[in-house]
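Participant: I'd like to ask you about the structure that follows.
Bear in mind these aren't lab numbers, they're just calculated from the coordinates by the rules spelled out. In this text the structure is predicted, and so the values were computed from the model without any measurement. All Cβ positions, glycine included, derive from the backbone under ideal geometry; neighbour counts span all protein chains shown.
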């Protein structure tokens, strides 16, 4: 089953500027910053309740975040929904015939998270994904 | 203080089609549907953990959701952050000098929620808001 909104990502051109703005909104600095070399991004994470708000600055134009920035500009980028059984939920969604998965095998995010993206064409261009945290 | 991601809104052209897609992702129907005449929208709400995922179909082109649809198309629309003290948090954010509020008095959402929007120009065009639930 799906259990919570795990994280929400925003694409920004300038991570430091983004941190300054989110810090003004949330009233505190981010819990962590990360460099995701394989994903082509640097990130800052603000935890709010059970959900993380993540600012993502692309570091390469040819990365997924870099392409999103070029096509859509800054702003909302991705909604990640936590599951307790990634393979089962991905299969269930694919079997719906309404919304499809964009990948057949998980990729790895920060902190050993395993993630699978949905077909964004099936959700109005909004990038949704499933995530299961590692042990 | 801010306590959780209260709801996330998506703009859709066709609420029935949107419900079909979200039902495929979440594996269950929406908890509720609402008609917001003053806001110019009909909505469907799927609760996921402590956050509601809300599909919003504009019913008038001259409403806020209608203008968003015309300008940005379907997809992510709004991120609503819950606070336990709406006036205090709005004042704190305005005083930051980095991000401003778009209104000085709250407006009413569904279920007696009081909401105040932030200046979306200060958050890359992403519409953020504060919300406090009524008694």
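Participant: Which ones in region B:91-102 are more than 10 Å from chain A (Cβ to nearest Cβ) and under 23 Å from residue A:9 (Cα atoms)?
Facilitator: Hits for region B:91-102 are B:101, B:102.
Participant: OK, next. Looking at B:125, B:134, which one is part of a loop (DSSP other than H, G, I, E, B) and either farther than 20 Å from residue A:75 by Cα or more than 10 Å from chain A (Cβ to nearest Cβ) (or both)?
Facilitator: B:134
Participant: Is it true that some residue in region B:92-107 is closer than 16 Å to residue B:39 by Cα, assigned to a strand (DSSP E or B) and free of Cβ contacts under 8 Å to residues at least 12 places away in the same chain?
Facilitator: yes
Participant: Which of the strands (runs of 3 or more DSSP E) found entirely inside region B:3-90 contain at least 3 residues meeting this: more than 14 Å from chain A (Cβ to nearest Cβ)?
Facilitator: Hits in region B:3-90: B:32-36, B:41-48.
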